[in-house]
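What follows is a set of notes on a single structure, which appears directly below.
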Amino acid sequence: MLLIAFAIPIAGSALIFTWGRRGGRIRRWIAILSTIATSAFVCLALFAEPGRGYVLLEFTSRMTIAFSLDGLGSVFAGLIAFLWPLSMLYAFEYMKHETGENAFFGQYLLSYAMTLLIASAENLFTLYFFFELLTLATVFLVAHGFSHRSMYAGRKYLYYTLGAASLGFLAMISVLVYSDTTIFVYGGIPALRQAPHTMMLLLFVLGFFGFGVKAAVFPLHGWLPTASVAPTPVTSLLHAVAVVNAGVFSVARLAYYVYGPALISGTWAQTLCLSMAAFTILFASAKAVHEQHLKRRLAYSTISNLSYMLFGLLLLTPLGLKAGLMHMIFHSLIKLTLFSCAGAILVQTGREYVQELRGLRRQMPIVMTVFAFCAVELVGIPPFIIFQSKWALVTAAFGSGHIIGIAGVAVLLISAGFTAAYLLKPAVTAFALPIEKKPSEKRDPGWQMLTLFLVITAAMLALILLGKPIADYLSQIVGL
């Protein structure tokens, strides 16, 4: 099932590049059927063959391309399998206003495959290999249209991610040198605890920044706001969910399944990385408050919330890992919807800045109502879902006993205030009376965009009541 799930989007991408120019209808049928079939086979793999391994290529006994879905991989794979078909449907309507649809949908499908391969990687070698291929699969999406701004954004994304790749490469090599395996083991690979301790800590820090570049941790965050020039289906799914969550996911693998909490906990390496995550939360939140371009404001919000996840993971406790994963799930739902709202506003009205949203609720009642709902969600007001994950982060921070973890609670509270400032302002502005009080033409988008808004909003409402089963499942994964 798992290998079929990988093959379908790759084959679909090849078909689009081959046949897609024959007509938009053919291209869209290939894209949507490939996406739905891929998600269906991912779900079958999650339920029918959890934990089953596949070895695709074997270069040496320690360097293999191998896959299996353990608990952590299942969370990431299940999340993208749910969100990708909705985003593909949204993209159909959005891309009518763009050029280069053939290349876009071909690369969009290929990115789905690369993200699934990362989620299903059984060892560090496989993870690193497809982590870098994801960069190559998405760089042309960032540079879509090949305008001066798009090309600049694509180059910046490439320089940041491939430049930091050398740091992740060093971490991978250290595992190959000091261990006879790179297979992920919850708690860490035992052989690494016998290696020189200081060297292992240094290599973990390098790996944290090398893989953390996609999670936009400071000072490697600069590519993400610049990438907001890309079409909204790119900035919403790839740079609010798939690519950035691949960074968080890879750091979780490195900290809990390669080096292990027993090796890192209580050391200068943990303190340094935890401090960088806490600083990034505050820095990006403050930048979001001052940013007036809506998509870039959301991009800085993403940077901040990614470090919420990293902060939880770097507490190096089961509670911290659970809280970080919970925030990853809930934030993905909210931020995908917020970015998609910004895209709908841009397509339907041409407005890009916060001050231009005044009175927009009259023209786009559904979109702006969903935007306001998601804004309240992300602030973390009870009983909404982000409150659940933020409460889990606070609980884990107090329980960690680490001074930076405990101080981080204040960081989370300050950031919540910043979040209210940068998200509630555009929401309130949209519901204010327009300057010119005359009848407004309704400009809500068509059913393809609205499907994403309504389905994910319904899911977020359901999770207010169903958050406990998800929390219980995550507890099982982390061994609580």
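Quick note: the coordinates plus some simple rules give every number you see, no bench work behind them. The shown structure was predicted, so the numbers you read here are calculated from the model rather than taken from an experiment. Here the Cβ positions follow ideal geometry from the backbone for every residue, glycine too, while neighbour counts run over all protein chains shown.
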Calculate the translational D of the chain in whole µm² s⁻¹ from Stokes-Einstein, where the hydrodynamic radius comes from the Kirkwood formula applied to all Cα pairs, the temperature is 37 °C and the viscosity 0.692 mPa s. 147
Residue pairs, from the table LYS156/LYS390; LYS96/LYS214; LYS214/LYS295; LYS295/LYS468, whose Cα atoms sit over 24 Å apart: LYS156/LYS390; LYS96/LYS214; LYS295/LYS468
So for the pair MET63, ILE464, with labels modelled 7 Å out along Cα→Cβ, what separation do we get in nm? 5.4
Rounded to the nearest 500, what is the 222 nm mean residue ellipticity of the chain from helices alone, with -39500 (n - 2.57) per DSSP H run of 4+ residues and division by all residues? -24000 deg cm²/dmol
Could you list log10 I(q)/I(0) for the range 265-480 at q = 0.18 Å⁻¹, which the Debye formula gives when each Cα is one point scatterer? -1.20
Quick check: the distance between the Cα centres of the range 229-291 and the range 130-171, to the nearest angstrom? 17
Taking amide H positions as placed 1.01 Å from N in the peptide plane, with prolines and chain starts having none, which residues 5 or more places from TYR353, or on another chain, fall under 5 Å of its amide H? LEU294
For the range 1-109, with equal point scatterers placed on the C-alpha atoms only and solvent neglected, what are the log10 I(q)/I(0) values from the Debye formula at q = 0.16, 0.20 1/Å, to two decimals? -0.76, -1.00
Under 16 Å Cα to Cα from LYS322, which aspartates and glutamates show up? Leave out anything in the same chain fewer than 8 places away. ASP70, ASP472
